[in-house]
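Colleague: Could you have a look at this structure, given as structure tokens, before my questions?
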Amino acid sequence: MAVVGIIANPASGKDIRRLVAHATVCDNMEKVNMVRRILLALQATGVERVLIMPDYFGIGTRALDGLTGPFRLNLTVEFLSMNITGTQEDSLRAAGILKDKVDCLITLGGDGTNRLVAKGCDEVPILPVSTGTNNVFPTMLEGTVAGLAAGFIATNRVLPEEGLARHKKLEVYIDGVFTDIALVDVVVLNEQFIGSRAIWDVDKIKHIYATRGELKNIGIVSVVGALQPVQAMDPYGMYVEIGQGGPCVMAALGPGLLVQVPVKSFARLEPMQRMAVSGTPFVIALDGEREISVRSGADVEINLNPAGPRVVDVPKTLARAAAQGLMRL
């Protein structure tokens, strides 16, 4: 039986970037509509069961309420039995529950949501659907298209080697102990307290460690794209030290928020070579959000690990499905 999980974050697409820049707001009713389209496409590919993370808005419940008449579902939809906290920990716990139950996991959220899901889902393939404009790891996809691709992977009609890609991840070690991961970037900030999670003030940035970065990206990794673009599938990453002494680049830190960023130095970040971070105390942001306050004197290292999450390559998966005639009746 092919089973797909859905984790839709009701809080994504609504952070402070909507105030300090011109980011798009993705309201929860649009997420409801996206889940409806995903469910219908999953059913069309032969998926028989879907497990959905519950949330305080009831995205999954509302999606089902709208599927009646000619849009009635025949597949089984169930909600995870878990307590809802209304925090980012819900996504992490849901991924941990789903990792042994599903063949593919669709996420609706931003870089932060997907970071937590990747921490919890082990080797389960992720299909990340973006619900905002500052995201790099997830992509903007129509729900029907996302459901088709996830369904072909879950039913094994498109094989893993044909439709999945292994992405990189960054690992943070403090005093030699593994602490957390990032899928896109680790940013070291000249601060001592976390405060607002989102980053928009370049004057506070000391170091950037990135798995990728292109000019088409919005956010901190646009600095990497302006210096020396790194693609998701490149076997290396990039390190950037912010400060005077090198080139100055124009970077899109947010939608419509173009700023000049002074760069002291930059270099390739090679895989599996831990890089020490000096200058404690500071705050570490993971995938665009402040997460870790580091005490003075702590030993901090960043490692680029090529063995990150398995991600559904949607264009490649759908091209393979078409080549096999999977949509022919």
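Colleague: Looking at this model, which pairs from K119/K216; K31/K169; K168/K316; K168/K206 are more than 24 angstrom apart at the alpha-carbon?
Modeller: K119/K216; K31/K169
Colleague: Okay, next question. Can you put C248, C121, C26 in order, fewest other beta carbons within 10 Å first?
Modeller: Arranged by neighbour count, lowest to highest, C248, C121, C26 become C248, C26, C121.
Colleague: Something else about it: For K204, which lysines qualify as cross-link partners when the Cα separation must be under 21 Å and same-chain residues fewer than eight apart are set aside?
Modeller: K264
Colleague: Using amide H atoms built 1.01 Å from N in the peptide plane, name the residues 5+ places from L141, or on other chains, whose amide H lies under 5 Å from its own.
Modeller: Distant-sequence amide H within range of L141: S130.
Colleague: Of M327, M275, how do they rank once you tally other Cβ atoms within 10 Å and put the fewest first?
Modeller: M327, M275
Colleague: Run through segment 279-329 and list the trypsin sites (Lys or Arg not before Pro) located in a DSSP loop whose Cβ has at most 15 other Cβ atoms within 10 Å.
Modeller: R295, R328
Colleague: In deg cm²/dmol and to the nearest 500, what is the mean residue ellipticity at 222 nm of the chain if only DSSP H runs of at least 4 residues count, each as -39500 (n - 2.57), divided by the residue total?
Modeller: Mean residue ellipticity at 222 nm (helix-derived): -7000 deg cm²/dmol.
Colleague: Which label marks the calculated value of Cα Rg over 2.2 N^0.38 Å, given the options (i) 1.18; (ii) 1.12; (iii) 1.00?
Modeller: Here the calculated entry is (iii).
Colleague: Kindly write out, for segment 33-47 in residue order, the coupling ³J(HN,Hα) from the Karplus curve 6.51 cos²θ - 1.76 cosθ + 1.60 (θ = phi - 60°), rounded to whole Hz, with x marking Gly and Pro.
Modeller: In residue order, the calculated couplings are 5, 5, 5, 4, 5, 4, 4, 5, 6, 4, 4, 5, 8, x, 5 Hz.
Colleague: Take peptides 75-83, 94-102, 175-183 and line them up by average Cβ neighbours within 10 Å, highest first, as a rough protection proxy.
Modeller: Final packing ranking: 94-102, 175-183, 75-83.
Colleague: With a 10 Å radius around each residue's Cβ, average the other Cβ atoms per peptide and rank 265-271, 51-57, highest first.
Modeller: With the highest mean Cβ count within 10 Å placed first, the list reads 51-57, 265-271.
We did not get these values from a lab; they are worked out from the coordinates using the rules stated. Quantities reported herein were computed from a predicted structural model and do not represent experimental measurements. All Cβ positions, glycine included, derive from the backbone under ideal geometry; neighbour counts span all protein chains shown.
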